[in-house]
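Engineer: Please find one structure pasted underneath; my questions will follow.
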Amino acid sequence: MVPISSDCVFLLCAPCLAPLVSLATGLKIGLKTGLKTGLATALLPAALLLTSCGAVHKFSGSAPGQRLQVVTTILPITIFTRAVAGDCAEVMPLMPSNIGPHDFQATPDQLVRLRHADVLVKNGLGLEVFLDKLIANADNPRLRLIDSSQGIAPLASAGHDHDHDHGHQKAKAKADAGPNPHIWLDPMRAIQQVNVIRDGLIAAQPSCRTKFTANAASYTAQLRRLNAELAQQLKPYAGKTFVTFHDFTPYFAARYQLKTNFLVDMPEENPTPADLRRVLQQVKASGLRALLSEPQLGNSSFEALASDLGVKIGRFDSLESGPPAAASQGDYYIQTMGRNGDALVTAFGG
Ligand SMILES: [Zn+2]
């Protein structure tokens with residue numbers, strides 16, 4: 001949890017805002033009715049006092065009666081945050097759930113949402129490359145930032161023949177490919193993310209500590225069950241390799257003693273002839289029955305490759321995006337991960 005600033009900004013501080021509105025109205029009426037100097041002079045010190053309301057009403061979460069306003073980035077982060085928040089905070093995704101982090105372009109609407117938020121929750125590890133600029137432009141000094149990757153040891157992005165990382169920084173050398181950000185696809189790391197979110201929300205709204213703690217415990221118990229089911233389901237395939245379209249599965253693979261390969265680092269990339277050769281050899285060597293594409297992507301090169309290899313196309317959902325209803329469907333992450341497990345079993349020929 002990194003509090004950017006704990007100062008109260010009067011624009012969103014309801015108890016401060018109400019007197020200011022009436023003061024402003026009073027001033028307006030005063031000016032209109034010719035009471036300019038006297039009334040304005042009388043009200044000005046009070047107005048100044050209230051605009052520096054940080055001194056009289058320090059921000060510690062939202063004002064009484066107003067729920068904590070939380071903004072989230074990618075779909076899994078929205079789902080995790082909603083699971084913890086319950087009815088004790090209002091959670092609004094910054095990005096539409098059908099747009100993944102690789103394609104996201106901020107709009108003025110999102111800037112306004114961030115300007116009015118108490119807390120921003122992100123995945124972290126460089127996934128949300130658009131965020132720093134957006135935060136700077138939002139000019140919301142009391143915004144608290146929860147980086148859900150805090151304390152999670154990252155794996156490096158594989159890099160392969162590409163010379164950039166998830167941050168689209170093409171100039172970066174492949175040796176400096178940066179951390180792989182897809183931590184949410186390992187249910188045990190997802191538990192860590194949920195706990196970081198819980199602690200961050202408690203710090204922002206201490207009065208909701210009991211609810212946040214209970215909600216997080218209930219959701220992490222479900223994640224633990226999911227992990228146990230996947231571990232059991234995938235145990236017979238330990239050591240086997242599966243191939244996805246982009247580089248999102250190293251954490252998942254490591255958790256279940258699997259190996260993983262991918263066609264491209266980034267979903268919007270076109271594979272090179274070397275990429276195609278590498279995957280071709282991999283599939284032939286491993287006897288894989290299917291390549292695992294992503295539901296929200298075109299993957300036409302991937303499908304052509306599968307057809308050349310005479311293997312099927314399965315689906316492994318990266319959860320980077322989903323249908324519009326997904327963000328408010330509490331079990332969406334768990335259901336989708338269960339389907340990913342089934343798809344893998346099929347791809348391994350089970
Ligand atoms: Zn990705």
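Engineer: What helices (runs of 4 or more DSSP H) completely inside the range 249-320 contain at least 3 residues that are within 13 Å of the ligand (Cβ to nearest atom), under 22 Å from PRO181 (Cα atoms) and modelled with pLDDT of 90 or more?
Structural biologist: So the answer is 250-255.
Engineer: Taking THR336, is it within 16 Å of the ligand (Cβ to nearest atom), outside any loop (DSSP other than H, G, I, E, B) and free of Cβ contacts under 8 Å to residues at least 60 places away in the same chain?
Structural biologist: yes
Engineer: Within the range 278-287, does at least one residue satisfy the condition of being in contact with a helix residue (DSSP H, G or I) (Cβ under 7 Å, 6 or more places away or on another chain), surrounded by fewer than 15 Cβ atoms within 10 Å (Cβ to Cβ) and either within 13 Å of ALA347 (Cα to Cα) or in the same structural domain as MET337 (by TED's automatic domain parsing) (or both)?
Structural biologist: Yes, some residue in the range 278-287 is in contact with a helix residue (DSSP H, G or I) (Cβ under 7 Å, 6 or more places away or on another chain), surrounded by fewer than 15 Cβ atoms within 10 Å (Cβ to Cβ) and either within 13 Å of ALA347 (Cα to Cα) or in the same structural domain as MET337 (by TED's automatic domain parsing) (or both).
Engineer: Another question, if that's okay. Modelled with pLDDT under 95, more than 16 Å from the ligand (Cβ to nearest atom) and farther than 25 Å from TYR332 by Cα, is that true of ALA177?
Structural biologist: So ALA177 does not fit the description; no.
Engineer: Additional query: Of all residues in the range 94-110 being assigned to a loop (DSSP other than H, G, I, E, B), more than 11 Å from the chain's Cα centre (by Cα) and away from the ligand (no atom under 16 Å from the Cβ), which is nearest to ILE135 (Cα to Cα)? Outline the logic, then answer.
Structural biologist: If we filter the range 94-110 for residues that are assigned to a loop (DSSP other than H, G, I, E, B), which is where we start, we get 94-107.
Add one more test, that the residue is more than 11 Å from the chain's Cα centre (by Cα), and what stays is 96, 98-99, 102-107.
When the remaining residues are screened for being away from the ligand (no atom under 16 Å from the Cβ), the result is 96, 105-107.
Values: PRO96: 18, GLN105: 14, ALA106: 11, THR107: 13 Å.
Applying the filter and picking the extreme gives ALA106.
Engineer: Applying the selection to the range 223-248, what residues are away from the ligand (no atom under 16 Å from the Cβ), touching a residue at least 12 places away in the same chain (Cβ under 8 Å) and among the aliphatic types (A, V, I, L, M)?
Structural biologist: If the condition is that a residue be away from the ligand (no atom under 16 Å from the Cβ), touching a residue at least 12 places away in the same chain (Cβ under 8 Å) and among the aliphatic types (A, V, I, L, M), then LEU223, LEU226, LEU230, ALA231, LEU234, ALA238 are the ones that fit.
Engineer: From the list LEU145, LEU155, LEU111, pick out the single residue that is more than 30 Å from LEU276 (Cα to Cα) and either at pLDDT 95 or above or touching a Pro at 6+ places or on another chain (Cβ under 7 Å) (or both).
Structural biologist: After applying the criteria, what remains is LEU145.
The values are calculated or read from the model by the stated rules, or taken from the named source; none is laboratory data. Predicted, not measured: the structure shown is a model, and the values here were computed from it. Neighbour counts are summed over all protein chains in view; Cβ atoms, including those assigned to glycine, are modelled from backbone coordinates with ideal geometry.
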